[in-house]
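Step one of this worksheet: look at the structure below.
The values are calculated or read from the model by the stated rules, or taken from the named source; none is laboratory data. The structure displayed is predicted, hence computed values, not measured ones. No Cβ is skipped: glycine too gets one built from the backbone with ideal geometry, and neighbour counts run over all protein chains shown.
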Amino acid sequence: MVSLPQLAVTDYRNAKHVNMSRAGWSELLETHLALEAWQRDVVLSLPSVFGLPELLAHSDLIATLPEHLGSALGLTQASANLTICPCPLPISRVISSVYWSHRHDADPGHKWFREIFTSAFALSGRPANT
């Protein structure tokens with residue numbers, strides 16, 4: 001297993017953060033941090049992770065993402081300038097699911113999305129049930 005660099009809790013708390021404004025895991029993270037009476041210093045909110053690797057690679061900002069997304073973003077061209085490490089705070093795991101009607105099993109668009117979803121989880125080594 002590859003050893004990832006560690007980020008100190010104090011460095012995490014003092015960092016400037018990017019928030020994913022439409023991501024359910026951001027609310028889970030904020031709820032957890034509120035229990036500790038602490039909030040991230042969010043200086044930028046993005047609606048999605050698109051463009052995030054390039055932003056992080058050219059700034060001193062950090063983003064907290066589920067492991068499978070961090071692993072997937074680590075494969076982008078900008079990843080040469082990224083450091084990916086575990087969150088230094090004990091955060092509950094996020095469970096992601098995709099549901100669809102059997103009528104769409106053969107639909108090319110739905111099939112493509114399911115393949116993207118399952119491949120993202122395969123990168124993290126976590127099972128994805130389809």
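Just to be sure, is R126 over 17 Å from S26 (Cα atoms) and either at pLDDT 80 or above or of a type in the set (F, W, Y) (or both)?
On the way: over 17 Å from S26 (Cα atoms): yes; either at pLDDT 80 or above or of a type in the set (F, W, Y) (or both): no.
Spelling it out, it is not the case that R126 is over 17 Å from S26 (Cα atoms) and either at pLDDT 80 or above or of a type in the set (F, W, Y) (or both).
Residues in segment 42-58 that are touching a residue at least 24 places away in the same chain (Cβ under 8 Å) and in a loop (DSSP other than H, G, I, E, B): P47, S48, V49.
Looking across segment 21-56, just one residue is at pLDDT 80 or above, closer than 17 Å to C87 by Cα and of a type in the set (S, T, Y), and that is T31.
The numbered conditions (1) modelled with pLDDT under 75; (2) over 17 Å from the mean Cα position of the chain (by Cα); (3) farther than 29 Å from H32 by Cα are all true for A78 except (2).
Identify, by number, the condition in (1) within 19 Å of S119 (Cβ to Cβ); (2) modelled with pLDDT of 85 or more; (3) hydroxyl-bearing (S, T, Y) that S59 doesn't meet. Going through the list (1) within 19 Å of S119 (Cβ to Cβ); (2) modelled with pLDDT of 85 or more; (3) hydroxyl-bearing (S, T, Y), S59 breaks only (1).
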